[in-house]
Structure formats: structure tokens, C-alpha cells
1. So which residues in the stretch 65-94 are touching a Pro at 6+ places or on another chain (Cβ under 7 Å) and surrounded by 14 or more Cβ atoms within 10 Å (Cβ to Cβ)?
2. Looking at the stretch 30-45, which of the residues that are assigned to a loop (DSSP other than H, G, I, E, B) and open to solvent by 20 Å² or more (accessible area, probe 1.4 Å) is nearest to residue 81 (Cα to Cα)?
3. What is the one condition in (1) more than 26 Å from residue 7 (Cα to Cα); (2) touching a residue at least 40 places away in the same chain (Cβ under 8 Å); (3) over 12 Å from the mean Cα position of the chain (by Cα) that residue 87 does not satisfy?
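The values are calculated or read from the model by the stated rules, or taken from the named source; none is laboratory data. Quick caveat, the model's predicted, so the values are computed rather than measured. Cβ placement follows ideal geometry from the backbone for every residue including glycine, while neighbour counts extend to all protein chains displayed. Areas reflect the complete protein model, heavy atoms only, side chains present, ligands, DNA and RNA absent. Shrake-Rupley method; radii C 1.70, N 1.55, O 1.52, S 1.80 Å.
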Amino acid sequence: RQPDDLPALRVWARRVDLPLVGVDNTPSSKPLESFELPERVVLLFGQEGPGLSDEAVAGATATYSIAQFGSTRSINASVAAGIAMHAWIRAHAGAAG
């Protein structure tokens, strides 16, 4: 069963031993391009515009940002998801599973 809210998602992820990784350009985010996402992971994306809530950032195992150039503050959530999933594929495409 899929969790209905953030607290339930955190409990579920802990129970099934999956890190909950946020993708947003917060001040504490590490650059996605410099790190390898875990093979087993739940990626958490915020709402377009405001991004991840403070509660989501605090509950995440780690938060990564996607490099952007120019004056854009953020990118579309579906584009961010595609970039993050591509980073995962580059790291784990040949992994047994």
C-alpha cells in the first residue's frame, strides 16, 4: 500500500530500509552531479515553485540539487525527476536486480 502522506512515507521507507532522498535546490543540498544515488532509494520531489517543504527536507536522508545556469530558480518537477532518474540509471544500469 502506498503511503498517503509524508509522515507515513517516512515510516514506510524506514520499515523497508529505503533511504528517502529529496531533490531540490535548498541551501543544504549537495550537487546531484557529484554524488551517486543509492541503488535502492525513494526519490522525493517537491511541488513546482515552492519545492520541498521544510518537513520533507528535515525528514530526508539526503537532499540533492540539479545544476542550473542563468536566473532560473527551479525547473519543472517532471524534468527534475527525469534528470534524477537518469543519474540513477547511469550509476546502476548494469546492477543485478
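1. Matches in the stretch 65-94: 65 only.
2. 41
3. (3)
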